[in-house]
Amino acid sequence: MAFFLALDQGTTSSRAIVFATNGQPVSVAQVALQQHFPQPGWVEHDPQEIWQGQLDCARRAIAAAGLQAADIRAIGMTNQRETTILWERATGKPLHAALVWQDRRTADWCALQRERGLGERVSELTGLVLDPYFSASKIAWLLQHIPGARQRAERGELACGTVDSWLLWQLTGGRVLATDPSNAARTLLFDLHRGCWSEELLAHFDLPRALLAEVRPSAGDFGQTDAALFGVPIPICGIAGDQQAALFGQGCTTPGSVKNTYGTGCFMLLHTGGQAPRSHHGLLTTVAAQTGSSLEFALEGSVFSAGSAVQWLRDGLGIIQQASDIEALAASVPDSGGVVLVPAFTGLGSPWWDAHARGTIVGITRGTSRAHLARATLEAIALQSAELLTGMREDSGLPVNAMRADGGASANGLLMQLQADLLGMPVIVAAVPETTALGAARLAALGAGASPLQDADGRGERVYEPRASRDWADSRLSEWRRAVERSRA
Ligand code: ADP
């Protein structure tokens, strides 16, 4: 039996999970990560807290598994994407707090770049949109606001990267500055088509190349941990951003395979193989974890409010006690009684991209009950996801036969059944809920040249077959689109 250590550095917590070759988790350690909001729209993390918390979890997970560091064949890492850290190469000390992906402080910088007419070219090269979400504007902000940083960056004294690069630098004792394509592709600086940093965009944005990490395949050699950290060096053999790690962990490695993560929001990724299709539905084109010699791609879409709509029923309306209560309540009525809820609490994402849309409930009658609202909430999650998949199928032209699901709300059987009914295809809920960490462990095994982690072969999965007619699904979708129109700015 071989063991692999997955480090899963997320937005709200850092986790470490030891996986055995049979693909099962052996031990887990977790620590919460503090969120800092120094000004409205600003979101920061402490890079040292990220590192120390992750290291502490790694040590505790190894101990909890009853193992020694020498028993760990390799480490795989997965991380919150886009979040940006600037540090000094000589000391490994950060020069500033991490600017988190949610941080909007660089909205003006992005608007300025759009005014310069760069929007189209940026999308063409990176598959993304000129938005504060991605790293480039955050790097520009750091260089502009830290005295002397620009000059020092140009002299090669500083390094800047996403959380994977930061952790890798610390783990290797400052020996390796690297990242993988799935993280690089979230910076707004990676040329998807050439598979390297874009000199053109670096020049447009006036960012020094000397700051950036070397891009290596997601499975392979990322160096070894400094011997002082765990007693013996451990090879680091896998890195991928969280959503791409989940895609890989779900076994979605062939064109047309798709996964949707049902958490606070939903994140859907469709593997598109060697093609990087340009979206006409407001989706992003990104890189899947790279396991071979060439890049493979994915379309990505997100639903802003999914599980958070369930939280609203709990905290805002008080009609359920806990999130899981929604299932029984929604199942107590046969349908939503004509009620459609559009949870555009923070605007609408793909395919509408309307920041000014707001939450809307239509179709309320004297007979509407909290059960109808609960049901309409689950339908809203499924409807928004169905719209994403429709866009992905049209953009990619790929046949899609089933969708894989994970995340906290995938525990809801009624939601999964509604999803299968709306899509007209089976929805398969993963047996191991930790698909993100599992993906990192799988990459590590592959990168280490070890035998692959065993597949569950469908054991423990839950499969929801579509039962409703296409007429039913089509009429739900057209009702939904009418309600969305009402919610828009
Ligand atoms: P995140 O990683 O985004 O924090 P999780 O994957 O932990 O999210 O899922 C938590 C979200 O799922 C919460 O928003 C919660 O409201 C929702 N949720 C949890 N259990 C259920 C359930 N049984 N039915 C519907 N939603 C649920």
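Go through the residues of the stretch 451-459 one by one and say whether even a single one is modelled with pLDDT of 95 or more, assigned to a loop (DSSP other than H, G, I, E, B) and either over 29 Å from residue 328 (Cα atoms) or not hydroxyl-bearing (Ser, Thr, Tyr) (or both). The answer is no, given that none of the residues of the stretch 451-459 is modelled with pLDDT of 95 or more, assigned to a loop (DSSP other than H, G, I, E, B) and either over 29 Å from residue 328 (Cα atoms) or not hydroxyl-bearing (Ser, Thr, Tyr) (or both).
On the given criteria, is residue 86 within 26 Å of the chain's Cα centre (by Cα) and closer than 29 Å to residue 217 by Cβ? Outline the logic, then answer.
Numbers: within 26 Å of the chain's Cα centre (by Cα): yes; closer than 29 Å to residue 217 by Cβ: yes.
Yes: the conditions hold for residue 86.
For the stretch 200-251, how many residues meet the condition of being among the charged types (D, E, K, R) and under 23 Å from residue 174 (Cβ atoms)? Write out each step before concluding.
Just the residues of the stretch 200-251 that are among the charged types (D, E, K, R), to begin with: 200, 206, 209, 214, 216, 221, 226, 242.
Restricting the remaining residues to those that are under 23 Å from residue 174 (Cβ atoms) gives 209, 214, 216, 221, 226.
Of the residues in that region, 5 qualify.
If you check 437, 448 for being surrounded by fewer than 24 Cβ atoms within 10 Å (Cβ to Cβ), farther than 23 Å from residue 388 by Cα, modelled with pLDDT of 95 or more and touching a strand residue (DSSP E or B) at 6+ places or on another chain (Cβ under 7 Å), only one passes: 448.
So is residue 188 closer than 24 Å to residue 121 by Cβ and out of contact with any His (no Cβ under 8 Å at 6 or more places or on another chain) or not? It would help to see each step written out before you state the result.
On the way: closer than 24 Å to residue 121 by Cβ: yes; out of contact with any His (no Cβ under 8 Å at 6 or more places or on another chain): yes.
Here the answer is yes, as residue 188 does meet what is asked.
Looking at the stretch 347-434, the strands (runs of 3 or more DSSP E) lying wholly inside it that each contain 2 or more residues that are more than 23 Å from the chain's Cα centre (by Cα) and at pLDDT 95 or above sit at 360-362.
For the stretch 274-289, state whether one or more residues are within 16 Å of the ligand (Cβ to nearest atom), in the same structural domain as residue 380 (by TED's automatic domain parsing) and without any contact (Cβ under 8 Å) to a residue 60 or more places away in the chain.
Of the stretch 274-289, the ones within 16 Å of the ligand (Cβ to nearest atom) are none.
Looking through the stretch 274-289, none of the residues is within 16 Å of the ligand (Cβ to nearest atom), in the same structural domain as residue 380 (by TED's automatic domain parsing) and without any contact (Cβ under 8 Å) to a residue 60 or more places away in the chain.
Checking 333, 310, 342 one by one, the residue that is away from the ligand (no atom under 15 Å from the Cβ), touching a residue at least 60 places away in the same chain (Cβ under 8 Å), among the β-branched types (Val, Ile, Thr) and in contact with a helix residue (DSSP H, G or I) (Cβ under 7 Å, 6 or more places away or on another chain) is 342 and no other. Considering only residues that are in a helix (DSSP H, G or I) and under 18 Å from residue 97 (Cβ atoms), which ones fall in the stretch 137-151? 137, 138, 139, 140, 141, 142, 143, 144, 145, 149, listed by residue number.
Among the residues of the stretch 310-330, those that are among the hydrophobic types (A, V, I, L, M, F, W, C) and over 14 Å from residue 407 (Cβ atoms) comprise 312, 313, 317, 319, 320, 326, 328, 329, 330.
Selection within the stretch 247-273: residues that are of a type in the set (A, V, I, L, M, F, W, C) and closer than 18 Å to residue 400 by Cα. The member of this set that is farthest from the ligand (Cβ to nearest atom) is 270. For residue 482, the test of being exposed (fewer than 14 other Cβ atoms within 10 Å of the Cβ), charged (D, E, K, R) and assigned to a helix (DSSP H, G or I) is passed.
The values are calculated or read from the model by the stated rules, or taken from the named source; none is laboratory data. All values derive from a computational prediction rather than experimental measurement. Heads up, the Cβs are rebuilt from the backbone with ideal geometry, glycines too, and the neighbour counts pull from every protein chain shown.
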